[in-house]
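Data block below; observations after.
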Amino acid sequence: MLLETPLWRQTPPAAFPVCLGFMSLALGWTNASHVIPAISEDIGHLLLAASTGYFIWFFAFYLRKVLARPKVVLEDMETAPARAGIAAMAMSMMLLAAALLPFGISVPLVWWTGVALQIIASVVVLYAIWEEPREKRHFSTFQYLTFVGPVVGPLAGVQLGYVWESKLLINAALVAYVIVTAGILLTIRRDPVPEKLRPSVMIFLAPLCLFALGYGVLGYDTAFTVFYWAGSIVAFGLLLLVPWMVRGGYSPVWGAFTFPIASFLNVQVMAVAKGHGIWAETGVYAGLIIGTPVVLYIVYRTVMEWVTGDLSRKSGTAIA
């Protein structure tokens with residue numbers, strides 16, 4: 001059955017957290033093959049190619065949607081998950097620069113595009129929050145992607161030679177992380193997380209792992225160790241909460257499972273490289289065994305629901 005509205009006109013921001021998770025998983029497989037010989041590098045390269053195409057596909061469609069009617073961005077910003085999706089698009093662009101490096105392709109312009117998009121996303125989200133009625137303003141884990149998203153910058157920035165820029169990005173993200181986390185904790189005490197948004201609790205894991213990765217590539221081993229163990233402890237706690245998080249059934253918010261799990265995999269890989277031994281190796285295998293089917297399933301569901309129009313309808317996507 002043909003849709004009444006062309007697919008590109010209803011491209012949802014909800015697709016981009018999945019793009020971010022897919023590309024992170026691919027990098028996890030690739031990097032794992034460098035520290036554990038039993039893991040094939042070919043799998044990582046195959047996933048990198050697939051995830052890159054996946055992201056570029058959705059990015060091109062969303063760009064066409066925005067060019068057709070620029071105001072659609074502000075309309076998409078009416079919900080917290082959509083705002084997170086726009087930020088995830090910028091984070092995916094920065095991660096794309098890291099995804100290209102294993103193939104010997106260095107594209108600084110891709111990295112800078114991601115940085116610029118992250119800044120623009122933050123400004124637009126701040127404007128959207130400012131325009132909301134006061135009673136609707138509250139902190140949520142989705143804001144980690146918007147305001148802590150620059151933490152992804154060092155993953156490719158350091159290898160591209162942008163060391164001081166990477167330090168600026170990660171330290172700015174750390175300030176935002178402290179503010180947002182404090183706000184979330186106060187909000188949760190007052191307003192319990194609605195059932196349909198419970199999967200977003202998994203996002204608590206992502207910044208801890210990404211800070212560990214960022215400080216790790218910058219050479220701050222003490223900071224890496226602190227965030228690595230904090231992330232590992234939080235991951236174990238969140239694993240126990242999964243039945244509670246999925247009680248409401250599948251929805252586009254399940255995209256929040258993808259990038260935290262993949263971030264956990266990547267930080268375990270770095271921990272192996274830094275000599276953390278059997279615990280880190282166990283974490284790598286756990287991340288691969290749990291993360292691969294979960295991420296690929298959500299990648300598949302996202303495409304299928306986008307093609308039928310269900311993803312746009314369920315996530316409240318604005319139409320160009």
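The values are calculated or read from the model by the stated rules, or taken from the named source; none is laboratory data. These numbers were taken from a predicted model, which means no experiment stands behind them. Counting neighbours? That spans all protein chains shown, and the Cβs are built from the backbone with ideal geometry, glycine included. To get the accessible areas, we keep the full protein, side chains included, count just its heavy atoms, and leave off ligands, DNA and RNA. Shrake-Rupley method; radii C 1.70, N 1.55, O 1.52, S 1.80 Å.
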Please list, ordered by first then second residue, the pairs with beta carbon atoms under 7 Å, 6 or more apart or interchain, first in region 184-210 and farther than 18 Å from VAL253 by Cα, second modelled with pLDDT of 95 or more and aromatic (Phe, Trp, Tyr). LEU208/PHE227; CYS209/PHE264
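Results for (1) without any contact (Cβ under 8 Å) to a residue 24 or more places away in the chain; (2) more than 19 Å from ALA32 (Cβ to Cβ), shown as yes or no for each residue.
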residue	(1), (2)
LEU265	no, no
TYR300	yes, yes
TRP306	no, yes
ALA318	no, yes
Which of the residues spanning region 145-159 are open to solvent by less than 30 Å² (accessible area, probe 1.4 Å) and more than 15 Å from ALA212 (Cβ to Cβ)? LEU145, THR146, GLY149, PRO150, ALA156, GLY157
Cβ pairs under 9 Å, 6+ apart or interchain, first in region 67-83 and farther than 19 Å from HIS138 by Cα, second of a type outside the set (Asp, Glu) and open to solvent by 60 Å² or more (accessible area, probe 1.4 Å), ordered by first then second residue, are ALA68/ARG9; ARG69/ARG9; ARG69/ILE319; VAL72/ARG9; VAL72/ILE319
Can you find, within region 264-287, the residue that is nearest to GLY219 (Cα to Cα) among those that are in a helix (DSSP H, G or I) and open to solvent by 60 Å² or more (accessible area, probe 1.4 Å)? ALA273
Can you tell me which of SER92, SER51, SER40, SER24 is free of Cβ contacts under 8 Å to residues at least 40 places away in the same chain and either under 20 Å from PHE259 (Cα atoms) or hydroxyl-bearing (Ser, Thr, Tyr) (or both)? SER40
Which one of the conditions (1) touching a Pro at 6+ places or on another chain (Cβ under 9 Å); (2) open to solvent by 20 Å² or more (accessible area, probe 1.4 Å); (3) part of a helix (DSSP H, G or I) does GLY248 fail to meet, given that it meets all the rest? (3)
Would you check which residues across region 290-320 are part of a helix (DSSP H, G or I), open to solvent by less than 70 Å² (accessible area, probe 1.4 Å), of a type in the set (Ser, Thr, Tyr) and closer than 16 Å to PHE16 by Cα and list them? THR302, SER312, SER315
